[in-house]
Amino acid sequence: MKHVRNLSIIFLLLAAGAVYWATRPDVAQLSLTETQGTKPKFGEAREQKVPTVAIAKAVGWTANDKPVAADGFKVELYADKLDHPRNMITLPNGDVLVTEANKPAGGGGGLTGMISDWLMARAGAGVPSANRLTLLRDADGNGTVDERHVFAEGLNSPFGMAVMRGNIFIADTDAIRWWPYKDGQTRVEGKGKLLKALSAQAPNMHWTKNLLASDDGEILYIAAGSNSNIMENGRDAENGRARISTYNFNTNKLENFAVGLRNPVGMDWNPWTGKLWTVVNERDMLGSDLVPDYLTEVPEASDFGWPHHYWGGYTDERVIPRKPEKRQYERRPDYALGAHTAPLGLLFSDSLKGFGALGQGAFVARHGSWNRYPMAGYDVVFIRFDENGDAQGQPVVVLKGFLDADNQAKGRPTMLAADRTGALLVSDDVGNRIWRISPIAAATAQ
């Protein structure tokens, strides 16, 4: 019996050791700086069967606490008591629309679904979706919200918004709908009219669908993330996903604009070139140093390689069948934002006022890592652009302090917009607030 008991103890110790070995965090061997910029470093892929889990537990803000702005700028509370605020757009009259949403109910189920639900709950994203749009009005332009109205409700995990052609378009996770819109109105009624159904089959990973209107009002750009990490749920699950599509109002057709983008979210027009740019969340489970998320121009008919390749030619050996013949036609991203920083919001500086000390460039909200050790992101950064409209240098942090001393999340920066005065708005989906960044010396615009 003693011999059997000893074998049982040895077996338990071996099993515990195996679990520890399989679940231990992969520690970054490169600094975050080395995985940023126009020429990031790439180490060897360290394939993981179990991902590193280093997610900041959501604890929220105390009454008078707030993030920390860069020197020369101040951050103030713009709106609070929101329910998971996500995307924002500024309407022609200066009102701000914000989506209050979370992932849709249901999902893929099974072990993957259970793990995903646990991660989201720990990150503060486990609450039911409010499924509404709220209108915030700063009537006198003093930087504080005077009125708020429920603009639309009864939606299905809304995210993207665009005003064009006398209408407002709202992208739920499964469809784009539209309502007639007049400047200054505070509400739309009913479910709207269907423009186009969108892919939302289980497990519906990367459920957000973002929208951007062309300047001439003829094209609606639609960003949709993948339904998997590396297409492990099958090719059919990725129909209409991992790409930016266009809806042409002249032809009433939905067409691919660019593919191979694992999870594009924020989109904006580069004011110096007129070209479309986006930020993209890259793949996981290759270690804490891979793969860097990125900011990039998106030419029409471009392919950024997902899932077979990343960063213009590196092969992901996990993806079968391999397609080496594709590699020479794939586009390399323009600018790395660091491994696993989860960039979501993108806004070029031309829509802001008083930020000239930073130069010209783009602001990016990095939502923060869940699978990098040490953690990365949880900030808003500025990337300078040269006179040719190209990104350069290292990111400059303009808002930080979303993590406390114990690496718990007081908030997570999500999406960006300019308010009617030209200040920078930052939605905070964990803190349930919107923050306003403005230059200290600048007078308030009326």
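The values are calculated or read from the model by the stated rules, or taken from the named source; none is laboratory data. The structure displayed is predicted, hence computed values, not measured ones. Neighbour counts are summed over all protein chains in view; Cβ atoms, including those assigned to glycine, are modelled from backbone coordinates with ideal geometry. In case anyone asks, the SASA skips ligands and DNA or RNA and just uses the protein heavy atoms, side chains included. Shrake-Rupley method; radii C 1.70, N 1.55, O 1.52, S 1.80 Å.
Annotations
- Which of PHE385, GLY361, THR421, positive extreme of dipole for the stretch 291-446 (C-beta unit charges): THR421
- Farthest toward positive dipole pole in the chain [+1 Lys/Arg, -1 Asp/Glu at C-beta], among HIS206, VAL145, ALA223: HIS206
- Segment VAL396-LYS49, extension gain: residue separation times 0.36 nm, minus the distance between their alpha carbons: 121.5 nm
- The order of the peptides 155-168, 333-346 by mean Cβ neighbours within 10 Å, most packed first, is 333-346, 155-168.
- In the distance distribution for the chain, Cα-Cα pairs more than 28 Å apart total 49 percent.
- Ligands, DNA and RNA are left out, and with a 1.4 angstrom probe the accessible area of the chain is 44 Å² per residue.
- Backbone HN-Hα couplings from phi across the stretch 322-332 [Karplus 6.51/-1.76/1.60, Hz, Gly and Pro as x]: 7, 10, x, 5, 6, 4, 5, 9, 8, 9, 7
- Here each label is just a point 7 Å from Cα along the line to Cβ, and for LYS41 and ASN250 those points are 5.0 nm apart.
- Over the stretch 237-308, volume per residue of the alpha carbon convex hull, in Å³: 107
- Of TRP370, GLY401, TRP311, farthest towards positive along the dipole that unit charges on Lys, Arg, Asp, Glu beta carbons give the stretch 302-414: TRP370
- Most fluctuating residue given options ALA130, ALA152, ALA357, as computed from a GNM of the chain linking Cα atoms under 10 Å: ALA357
- Taking 0.36 nm per residue of sequence separation and removing the Cα-Cα distance, the GLU300/THR186 pair yields an extension gain of 37.4 nm.
- Working note: Cα gyration tensor of the stretch 122-192, eigenvalues times five, square-rooted, sorted largest first, giving semi-axes of 22, 19, 10 Å.
- Residue ranking by accessible heavy-atom surface, 1.4 Å probe, largest first, among TRP207, TRP269 comes out as TRP269, TRP207.
- Build a GNM of the chain with springs between Cα atoms under 10 Å apart, and of SER228, SER31, SER427 the one that fluctuates most is SER31.
- Computing FRET efficiency as 1/(1 + (r/R0)^6) for ARG235 and VAL27, where r is the C-beta to C-beta distance and R0 is 45 Å, gives about 0.85.
- For the stretch 317-446, taking Cα atoms only, Rg and Dmax work out to 17.3, 59 Å respectively.
- Alpha carbon centroid spacing (whole Å) that separates the stretch 339-405 from the stretch 123-192: 26
- Gained length - GLU387 relative to LEU194, 0.36 nm times residue gap less alpha-carbon distance: 65.3 nm
- Placing pseudo-labels 7 Å out from each Cα toward the beta carbon at VAL59 and LYS326 gives an inter-label distance of 4.3 nm.
- With a threshold of 19 Å on the Cα-Cα distance, the over-threshold entries among LYS196/LYS253; LYS41/LYS326; LYS193/LYS253; LYS253/LYS275; LYS81/LYS410 are LYS41/LYS326; LYS253/LYS275.
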